[in-house]
Amino acid sequence: VKDTLDFDKEVESICPFCGVGCQVSLKVKGDKVVYAEGINGPANEGRLCVKGRFGFDYINHPHRLTKPLIRKEGAEKGLNVDPANPLTHFREATWDEALDVAAKGLTRLRDDHGGEAVAGFGSAKCTNEEAYLFQKFIRQGFVHNNVDHCTRLCHASSVVALLENVGSGAVTATFNEIENADVAIVIGSNPIENHPVAATYFKQFTQRGGKLIVMDPRGVGMGRFAAHRLQFKPGADVSMLNAIMHVIAEEGLQDDAYIAEHTENWDAMREHLKAFTPEAMEEVCGIPADELRAAARTFANGKNGMIFWGMGVSQHVHGTDNSRCLIALALMTGNVGRPGTGLHPLRGQNNVQGASDAGLIPMFYPDYKSVKDEGVQALYRDVWGVDELNPNPGLTVVEIMDAVYDRKIKGMYILGENPAMSDPDVNHVREALRRMEFLVSQDIFVTETACYADVILPAAALAEKTGTTSNTNRQVQMCRPAVPPPGEAMEDWQITTELAKRMGMGWTYDHPSQIFAEMELVMPSLANISWDRLEKQNAVTYPSLSPEDPGQAVVFGDKFPRAGGRARFAPASIIPPAETPDEDFPMVLTTGRQLEHWHTGSMTRRATVLDAIEPEANCSMNPKTLRDMGVQPGDMVRLTTRRGTIDVMARADYAVAENMVFLPFAYVEAAANLLTNPALDPYGKIAEMKFCAVKVEVPTQI
Ligand code: SF4
């Protein structure tokens with residue numbers, strides 16, 4: 001097809017979807033992208049999945065915002081706005097008018113109620129420079145730290161556990177390092193659908209004889225390639241992992257030399273593990289003791305082992321404990337710091353690593369420097385030229401929405417996030433958005449969240465932007481504009497800069513490279529990674545030890561970035577899910593993504609090919625469960641939890657256990673998060689979106 005295509009130019013950029021961060025060449029005819037193909041980026045080596053290859057045409061969708069919009073006097077807030085015709089509720093405005101209204105609205109709330117009356121959600125779909133500017137906008141303009149983004153719904157608990165016990169929140173090795181491993185665990189992750197290009201490396205690893213251990217309550221596709229397939233009971237991760245570690249310690253398979261040289265708290269860990277015999281845990285986690293023992297021996301006896309995990313680990317009230325167990329398992333077997341070893345939480349959005357690194361989180365400035373640290377505050381006062389910064393950690397995503405609901409936070413600036421779809425218990429979130437006094441939404445479409453906005457600012461998509469993003473591998477990569485933004489839409493950094501100017505913040509940026517240069521002043525992780533270098537090389541992995549070093553694929557071979565240079569064992573005990581099945585709600589609901597759709601669906605459901613493949617909201621259940629209910633695949637079922645009810649088409653899937661329902665969260669007409677539980681992990685403040693109690697009924701039988 002490519003050879004017959006007629007195009008004017010090719011532009012190298014980055015896929016806008018998952019955290020793999022595939023490099024892509026966009027072929028452009030006129031002002032349209034007509035074709036995409038993978039190029040030789042460090043993470044993808046020419047490969048793309050269906051989203052990267054066919055998902056680009058959302059940028060041409062007629063729903064794209066092309067002019068600023070202002071809510072009409074008296075127009076009702078809510079999902080009754082048609083994204084195809086928002087002018088029923090909004091009127092078009094000039095940029096000058098819309099920016100003035102936005103700046104005045106936010107300033108009025110700050111002046112009347114104090115800076116903490118306004119909060120901000122930035123986006124992991126924007127560039128590093130835009131994430132950095134957004135957290136600066138809130139911290140400088142409102143003198144507090146109530147700024148967060150979707151990492152709170154993603155790997156916040158993993159990052160807490162990694163920072164606590166390893167000293168760094170990023171991966172210790174790229175996923176491509178699996179080439180040098182002989183054993184690997186994939187847990188709570190469905191990479192064939194969620195990180196498809198990474199999954200190709202995992203499959204090749206097994207073809208070379210690598211032993212793969214797949215652990216998941218769903219029988220995910222990666223299981224077909226596994227030497228051990230542990231389909232444990234949902235929410236039972238800690239019991240299963242502790243039992244595996246018990247076997248390793250009991251049989252003396254641990255790496256004593258590594259433990260002695262590189263870790264602390266092993267004695268407490270060893271003592272803690274004694275109670276978790278496989279025989280005691282098999283009923284708890286649903287895996288027979290002999291299978292737990294076999295998997296433990298396979299991992300411990302490997303020469304080089306890696307551990308990969310996803311939202312199945314992190315989105316629990318015990319998400320931080322799950323990650324603590326995985327870190328302990330890697331440490332006790334000496335599997336950090338050498339080629340083919342490492343800890344790798346597979347990041348979800350294309351720039352969730354970079355946005356977190358850039359400080360788009362309420363407890364840290366860029367590079368995870370505590371907001372409480374006076375020396376760090378002094379650095380930012382100096383670089384930003386401000387007199388005052390707030391030393392108190394801010395609220396997180398769910399906490400901010402609760403404060404909006406309680407009318408303590410009265411206004412928000414939401415850039416590229418869609419909490420009316422993405423947050424747990426969205427009935428509560430939508431009511432909070434309705435109660436808000438003033439909302440500025442900046443996006444490429446009238447999202448479900450923008451339906452509640454007072455001002456909507458039209459932004460550019462990634463294929464229309466200049467800037468950098470950082471993928472799950474710690475690779476900082478250059479994105480280039482293939483086409484101009486539609487109509488009057490602008491890049492997010494430009495819009496935030498214009499707002500800041502109107503609020504008297506004195507910003508003068510007129511190119512992302514200037515923002516990147518400021519980031520280099522405060523982010524040691526960017527040492528030796530200049531804008532010019534990225535322009536020439538497209539990607540550099542951090543840390544990079546010299547201007548010639550392509551970056552360190554594996555870190556912490558000599559010491560860990562913690563006091564004393566040692567990593568730490570953190571024993572974890574069993575904490576049950578916050579809401580367990582009972583007579584009224586007898587089954588378990590779990591949520592996730594599908595191969596063709598990404599997150600809240602605002603982009604992929606507007607991509608022609610992806611929407612054609614998966615056009616309809618669906619849930620998956622075990623065929624036996626469906627038979628017992630008298631339901632045929634394709635029939636509608638009604639799912640009800642303590643928070644809401646949806647009707648959705650049922651699919652038969654043997655991968656789903658008999659007491660479970662799997663529900664993708666991309667579909668507004670059957671929004672999964674109407675049902676999910678907002679209970680939080682106490683450390684990462686991430687909600688338990690992977691587990692709640694649900695009742696399944698057949699609407700025609702009610
Ligand atoms: Fe895009 Fe992820 Fe697919 Fe790569 S694997 S093409 S980054 S969605």
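Looking at GLU669, GLU688, GLU616, GLU658, which one is among the acidic types (Asp, Glu), loosely packed, with under 15 Cβ neighbours inside 10 Å, over 25 Å from PHE54 (Cα atoms) and touching a residue at least 24 places away in the same chain (Cβ under 8 Å)?
Values: GLU669 fails: over 25 Å from PHE54 (Cα atoms); GLU688 fails: loosely packed, with under 15 Cβ neighbours inside 10 Å; GLU616 fails: over 25 Å from PHE54 (Cα atoms).
When all the criteria are applied, what remains is GLU658.
A quick yes/no check of all residues on (1) closer than 11 Å to ASP255 by Cβ; (2) surrounded by fewer than 24 Cβ atoms within 10 Å (Cβ to Cβ):
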| position | (1), (2) |
| --- | --- |
| ASN304 | no, yes |
| ILE307 | no, no |
| SER314 | no, no |
| ASN322 | no, no |
| ALA328 | no, no |
| LEU331 | yes, no |
| GLY342 | no, no |
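Could we say that LYS695 is of a type in the set (Lys, Arg), touching a residue at least 40 places away in the same chain (Cβ under 8 Å) and part of a loop (DSSP other than H, G, I, E, B) here? Let's see the steps before the verdict.
Details: of a type in the set (Lys, Arg): yes; touching a residue at least 40 places away in the same chain (Cβ under 8 Å): yes; part of a loop (DSSP other than H, G, I, E, B): no.
So LYS695 does not fit the description; no.
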request  = Would you be able to say whether some residue in the stretch 172-183 is in contact (Cβ under 8 Å) with a residue 24 or more places away in the chain, surrounded by fewer than 24 Cβ atoms within 10 Å (Cβ to Cβ), among the β-branched types (Val, Ile, Thr) and in contact with a Phe, Trp or Tyr (Cβ under 6 Å, 6 or more places away or on another chain)?
outcome  = no
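How many of the residues making up the stretch 44-67 are in a loop (DSSP other than H, G, I, E, B) and either under 17 Å from SER470 (Cα atoms) or within 14 Å of the ligand (Cβ to nearest atom) (or both)? Even if it seems obvious, please write down each step before you answer.
Step one: filter the stretch 44-67 for residues in a loop (DSSP other than H, G, I, E, B), giving 44-49, 61-67.
Now drop any that are not either under 17 Å from SER470 (Cα atoms) or within 14 Å of the ligand (Cβ to nearest atom) (or both), which leaves 44-49.
The number of residues fulfilling the criteria is 6.
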remark   = Of the residues in the stretch 344-403 that are among the hydroxyl-bearing types (Ser, Thr, Tyr) and over 18 Å from the mean Cα position of the chain (by Cα), the one that is farthest from GLU518 (Cα to Cα) is SER370
Residues of the stretch 449-470 satisfying the condition of being over 19 Å from the mean Cα position of the chain (by Cα) and either within 22 Å of ASP406 (Cβ to Cβ) or not in a strand (DSSP E or B) (or both) = ALA450, CYS451, TYR452, ALA453, ASP454, ALA460, ALA463, GLU464, LYS465, THR466
remark   = Checked the stretch 588-646 for anything in a loop (DSSP other than H, G, I, E, B), under 27 Å from GLN349 (Cα atoms) and aliphatic (A, V, I, L, M); matches are LEU595, MET603, ALA607, ALA617
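Based on this model, can you work out whether ILE409 counts as more than 16 Å from the ligand (Cβ to nearest atom), touching a residue at least 24 places away in the same chain (Cβ under 8 Å) and in a strand (DSSP E or B)? Walk me through it before giving the result.
Values: more than 16 Å from the ligand (Cβ to nearest atom): yes; touching a residue at least 24 places away in the same chain (Cβ under 8 Å): yes; in a strand (DSSP E or B): no.
Against the criterion (more than 16 Å from the ligand (Cβ to nearest atom), touching a residue at least 24 places away in the same chain (Cβ under 8 Å) and in a strand (DSSP E or B)), ILE409 does not qualify.
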ask   = Wholly within the stretch 471-555, which helices (runs of 4 or more DSSP H) include no fewer than the required count, namely at least 3 residues that are within 30 Å of ALA198 (Cβ to Cβ) and at pLDDT 95 or above?
value = 512-522, 531-537
query = Looking only at the stretch 17-28, which residues are touching a Ser or Thr at 6+ places or on another chain (Cβ under 9 Å) and near the ligand (Cβ under 8 Å from one of its atoms)?
reply = PHE17, CYS18, GLY19, VAL20, GLY21, VAL24
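Yes or no, residue by residue, for (1) within 30 Å of GLN23 (Cβ to Cβ); (2) not in a loop (DSSP other than H, G, I, E, B):
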site: PHE276; (1), (2): no, no
site: GLU291; (1), (2): no, yes
site: ALA300; (1), (2): no, yes
site: LYS303; (1), (2): no, no
site: GLY337; (1), (2): yes, no
site: GLY340; (1), (2): yes, no
site: GLY354; (1), (2): yes, yes
message = For the stretch 15-47, give me the residue count where each residue is of a type in the set (Val, Ile, Thr) and either within 25 Å of ASP549 (Cβ to Cβ) or in contact with a Gly (Cβ under 8 Å, 6 or more places away or on another chain) (or both).
response = 3
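Which of the residues belonging to the stretch 349-393 are small (Gly, Ala, Ser) and either touching a Ser or Thr at 6+ places or on another chain (Cβ under 7 Å) or in contact (Cβ under 8 Å) with a residue 24 or more places away in the chain (or both)? Even if it seems obvious, please write down each step before you answer.
Here is the first cut: in the stretch 349-393, the ones small (Gly, Ala, Ser) are 354-356, 358-359, 370, 375, 378, 385.
Once the filter is applied, which keeps residues that are small (Gly, Ala, Ser) and either touching a Ser or Thr at 6+ places or on another chain (Cβ under 7 Å) or in contact (Cβ under 8 Å) with a residue 24 or more places away in the chain (or both), the stretch 349-393 yields GLY354, ALA355, SER356, ALA358, GLY359, GLY385.
The values are calculated or read from the model by the stated rules, or taken from the named source; none is laboratory data. Note that this is a predicted model, so its numbers are computed, not measured. So basically every Cβ, Gly included, is an ideal-geometry build from the backbone, and we count neighbours across all protein chains shown.
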